[in-house]
Amino acid sequence: DTGVSQDPRHKITKRGQNVTFRCDPISEHNRLYWYRQTLGQGPEFLTYFQNEAQLEKSRLLSDRFSAERPKGSFSTLEIQRTEQGDSAMYLCASSLYGGDPYNEQFFGPGTRLTVL
Amino acid sequence: KQEVTQIPAALSVPEGENLVLNCSFTDSAIYNLQWFRQDPGKGLTSLLLIQSSQREQTSGRLNASLDKSSGRSTLYIAASQPGDSATYLCAALNNYGQNFVFGPGTRLSVLP
């Protein structure tokens, strides 16, 4: 078990460009979460999947954001037409729904996005 | 809507002290509460998870308690060490909805 991995670890882009992040969860975990964290704040929920189904999206997830989890394995988070306000750490977590302890989350190292 | 707060925002203690970090939540209908540690620029490391039916959990020098009726959880760190320096976050999972709500964290510095 290698834990949750995220790629890339750092991304610098110019305003208006599109970016895509990848998350590979712990292999037996059926839930996958995306969060955004800005400096000095706790993570804010963006969306989560159970297997391949996207079950909940936060109001923070504007139309420029889209997430997928094809085949219920890895997930991608795409941001279109990036804005400077999108600069943040994007965190992915996975959990086993129905496991013991119930829904304990394990986080990846994050992708730090800087929009110039 | 669940809101989670943490007090204090920052704490500095000399090595060897015992300390308590506080987490408060507004909606007592939680399923579990999880404590995390975050080092600067890194992801979150799970420390302890307390399910709603439990009162406390222990791991090594860490002990977390949960009082749903008062909307509080505490993380007790015994015999603090410089390596404990990090930001500590709590997160509540509600009975309804299935996403965690995080507090802003407590930044801990343990001085040698």
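Annotations
- A:Leu55 being outside any strand (DSSP E or B), within 13 Å of chain B (Cβ to nearest Cβ) and surrounded by fewer than 21 Cβ atoms within 10 Å (Cβ to Cβ): no
- Selection status of B:Leu89, in a strand (DSSP E or B), within 18 Å of B:Ala10 (Cβ to Cβ) and either within 14 Å of chain A (Cβ to nearest Cβ) or in contact with a Cys (Cβ under 9 Å, 6 or more places away or on another chain) (or both): yes
- Under the condition of being away from chain B (no Cβ under 14 Å) and either assigned to a loop (DSSP other than H, G, I, E, B) or closer than 14 Å to A:Gln105 by Cα (or both), the residues counted in the stretch A:9-46 number 7.
- Considering each residue of the stretch A:58-65 in turn, at least one proves to be among the hydrophobic types (A, V, I, L, M, F, W, C), touching a Leu at 6+ places or on another chain (Cβ under 8 Å), buried (at least 16 other Cβ atoms within 10 Å of the Cβ) and in a loop (DSSP other than H, G, I, E, B).
- Consider the stretch A:105-116 and keep the residues that are under 25 Å from B:Asn94 (Cα atoms) and part of a strand (DSSP E or B). The one that is nearest to the other protein chains (Cβ to nearest Cβ) is A:Phe107.
- Test: residue in the stretch B:5-12 that is part of a loop (DSSP other than H, G, I, E, B) and closer than 21 Å to B:Ala86 by Cβ: yes
- Output for the stretch B:29-73, where each listed residue is in a strand (DSSP E or B), at the interface with chain A (Cβ under 10 Å from one of its Cβ atoms) and in contact with a Lys or Arg (Cβ under 8 Å, 6 or more places away or on another chain): B:Leu44, B:Thr45
- Any hit, the stretch A:78-91, residues being part of a loop (DSSP other than H, G, I, E, B), within 14 Å of chain B (Cβ to nearest Cβ), surrounded by 16 or more Cβ atoms within 10 Å (Cβ to Cβ) and β-branched (Val, Ile, Thr): no
- Failed criterion for B:Tyr76 (all others in (1) within 10 Å of the chain's Cα centre (by Cα); (2) facing chain A (nearest Cβ under 9 Å); (3) surrounded by fewer than 18 Cβ atoms within 10 Å (Cβ to Cβ) hold): (2)
- Failed condition for B:Asn32, given (1) surrounded by fewer than 20 Cβ atoms within 10 Å (Cβ to Cβ); (2) within 18 Å of A:Ser94 (Cβ to Cβ): (1)
- Answer from A:Tyr97, A:Tyr102 - the residue that is under 15 Å from B:Phe100 (Cβ atoms), part of a loop (DSSP other than H, G, I, E, B), within 13 Å of another protein chain (Cβ to nearest Cβ) and touching a residue at least 60 places away in the same chain (Cβ under 8 Å): A:Tyr97
A short reminder: the numbers here are calculations on the coordinates, not readings from a lab. Everything numeric in this text was worked out from a predicted model, so none of it was measured. Ideal geometry is used to build each Cβ from the backbone, glycine not excepted, and the neighbour counts take in all protein chains shown.
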